[in-house]
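No value in this document is a laboratory result; all are computed from the given coordinates. These figures come from a predicted structure and were not determined experimentally. Don't worry about glycine lacking a Cβ; one is built from the backbone with ideal geometry, like all the others, and counts go over all protein chains shown.
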């Protein structure tokens with residue numbers, strides 16, 4: 001009997017999906033115990049062709065294509081109608097897994113009180129395993145996070161929903177890597193930065209739906225203010241392990257590196273501009289979702 005489905009949402013991932021699938025079909029795990037479900041969200045490149053080619057060689061790959069774009073959250077809910085296994089793991093098409101990744105993730109389900117197993121941070125969706133019945137019990141992923149296809153904070157929302165049901169989150173060491181596409185030109189970097197600012201409107205939605213858990217997760221002060229230094233640390237690359245300051249994102253996208261004193265001044269200035277812009281985005285979200293957060 002199949003135990004787990006690895007769910008991959010893909011849109012125009014021809015540069016990475018082959019490496020992703022190769023890593024997943026090569027797991028040190030019984031091939032008869034897991035499926036790989038690729039949800040193709042109206043790709044216009046060779047994502048579909050590459051996936052169908054892999055299907056011919058590996059019987060545990062399932063492929064679904066949508067001609068009209070659905071958005072990441074909608075694709076997950078559509079996948080819930082296809083998944084037949086007790087567990088599913090969300091994985092990204094621009095990621096690849098070490099051979100022992102799946103085994104280590106599944107070891108985390110060590111008791112009936114475990115609802116989620118993660119090998120990434122609490123706010124990251126990739127490499128997150130869910131009990132399928134609990135996600136269905138929660139009504140699937142809340143689709144307001146699907147606005148403009150972003151899906152930001154939807155994974156944290158689902159984790160909080162399951163935690164509020166009384167189930168535990170278990171963190172495990174299961175290694176995987178990224179082959180994500182990075183913006184190369186100035187125009188691409190600016191577009192990416194604007195996108196990163198816009199999606200923080202969903203912080204307000206998360207706070208409205210899970211006020212207690214979101215307050216700690218987002219480090220909210222006075223009932224409505226996200227600590228500005230937390231936003232600054234994210235923008236300046238100082239949120240994690242100590243290293244050189246840079247204008248960057250937690251996803252590993254670097255816009256400006258600290259190479260000269262001028263670069264340093266630009267990074268500090270733009271990082272604080274990012275803090276202001278994100279707070280305006282949250283204020284906009286507050287108006288939409290009726291929960292004040294800046």
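Please state the shape class of the stretch 4-178: rounded when a/c is under 1.5, otherwise prolate if a/b exceeds b/c and oblate if not, all from the C-alpha gyration tensor. Walk me through the intermediate numbers first.
Numbers: a/c = 1.72, a/b = 1.18, b/c = 1.45.
Oblate shape, in that a/c is at least 1.5 and b/c is the bigger or equal ratio.
Expected output is a single nm value to one decimal: the length gained when fully extending between residue 26 and residue 143, i.e. 0.36 nm times separation in residues minus the C-alpha distance. What is it? All intermediate terms of the calculation are to be shown ahead of the outcome.
Numbers: separation 117, 0.36 × 117 = 42.12 nm, distance 3.32 nm.
Full extension from residue 26 to residue 143 adds 38.8 nm.
Using the per-residue mean of other Cβ atoms lying within 10 Å as a proxy for protection, in what order, highest first, do the peptides 29-38, 8-17 fall? Write down the numbers at each step before the final one.
Working: 29-38: 18.4, 8-17: 21.9.
Highest mean packing first, the order is 8-17, 29-38.
Go from 0 up to the bin containing the longest alpha carbon distance in the stretch 174-230, width 5 Å each, and give me the % of pairs per bin.
Bins of 5 Å from zero give 4, 15, 18, 15, 12, 17, 14, 5, 0 percent of pairs.
For residue 82 and residue 187, FRET efficiency with R0 = 30 Å and r from the beta-carbon atoms, rounded to 0.05?
Values: r = 38 Å, r/R0 = 1.26.
Approximately 0.20, to the nearest 0.05.
Arrange the following residues from fewest to most other Cβ atoms within 10 Å of their Cβ: 39, 165. List each step's numbers first, then the result.
On the way: 39 23, 165 11.
So the ranking, lowest neighbour count to highest, is 165, 39.
Using the per-residue mean of other Cβ atoms lying within 10 Å as a proxy for protection, in what order, highest first, do the peptides 247-259, 97-109 fall? The partial results should precede the final answer.
Values: 247-259: 16.3, 97-109: 19.2.
Highest to lowest by the protection proxy: 97-109, 247-259.
Quickly work out the residue 194-to-residue 287 label distance, labels modelled 7 Å from Cα along the C-beta direction, and quote it in nm with one decimal.
In this crude label model, residue 287 to residue 194 measures out at 1.8 nm.
Give me Rg/Rg_expected for the chain, where Rg uses Cα atoms only and Rg_expected = 2.2 N^0.38 Å with N residues. Display every interim value, and only then the final one.
Numbers: Rg = 19.4 Å, N = 294, 2.2 N^0.38 = 19.1 Å.
Normalised Cα radius of gyration, the chain: 1.02.
Roughly how many whole Å is it from the C-alpha centroid of the stretch 176-224 to that of the stretch 257-287?
Taking the Cα centre of the stretch 257-287 as reference, the centre of the stretch 176-224 is 13 Å away.
What ranking do 180-190, 224-234 get when scored by the average of other Cβ atoms within 10 Å per residue, highest first? Don't jump to the answer; show the numbers that get you there.
Numbers: 180-190: 12.2, 224-234: 16.3.
For the peptides 180-190, 224-234, the packing ranking is 224-234, 180-190.
Can you give me the distance in nm between label points at residue 64 and residue 168, each placed 7 Å from the Cα along the Cα-to-Cβ direction?
Taking the two extended label points, one gets 3.2 nm.
Nearest 5 percent is fine: what portion of the DSSP beta bridges confined to the chain is antiparallel? Walk me through the numbers on the way to the answer.
Working: 15 of 38 bridges.
About 40 percent, rounded to the nearest 5.
Starting from the alpha-carbon convex hull of the stretch 186-289, give the projected area averaged over all orientations, in nm². Don't jump to the answer; show the numbers that get you there.
On the way: hull surface 27.7 nm².
Reported value for the Cα convex hull: 6.9 nm².
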